[in-house]
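Every number here is computed from the coordinates shown, using simple stated rules; none is lab data. Since we're looking at a predicted model, the values are computed, not measured. Note that each Cβ is placed from the backbone with ideal geometry, even for glycine, and that neighbours are counted across all protein chains shown.
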Amino acid sequence: MDFLKVVLTAALFAAAPTWAGDLTGPQKNAARSAKQYLSMTGFSRNGLISQLSSDAGDGYGVSDATLAVDSLNIDWNQEAVRSAKQYLSMTGFSCKGLIEQLSSSAGDKYTVDQATYGAKQAGGC
C-alpha cells in the first residue's frame, strides 16, 4: 500500500503545472506576453500557444510557449465565453456556426466542450 501511495504522489507531482518561479527567462517573457494577449481578447489554450510560438506572432519556441501558458491560472471556459461574446458583438452566428468557429483548428482552437459552453453562456444557443 505504501508503494502505491509513493507512485500516486510521484504521478501527481509530475502532472502538476509548472509554477512561474520555475520558468526560464524566455518562458517568463512568454507568460508575460500571454497575459497581455489575454487582457485584450479571449484565447483558447491552443490558440494562445500558437500565437506565442508562431513566426508571425511572438516567435517563442512551442515548448516555452506551452510551459508559459500552462503556468498561468486560466479558466478556458470563461475565455470561450469572452470569444463567443466578441463574435456575437460583430455579427450573427447560428449556434452550430459559433461552436464551429470557436472549435475549428482554423478558428479559435477551443475544445468542442469549451466552444459549446462559451456559445451557450454568451447567448448564441
Ratio Rg/Rh, restricted to the stretch 20-115 and using Cα atoms, in which Rh is the Kirkwood radius
1.00
Rg to Rh, two decimals, where the stretch 76-125 supplies the alpha carbon set and Rh follows Kirkwood:
0.90
First select every other residue whose beta carbon is under 10 angstrom from the beta carbon of A122; then total the charges, Lys and Arg +1, Asp and Glu -1.
+3
Take C95 and T41, extend 7 Å from each Cα along the Cα→Cβ direction, and tell me the distance between the two endpoints in nm.
2.7 nm
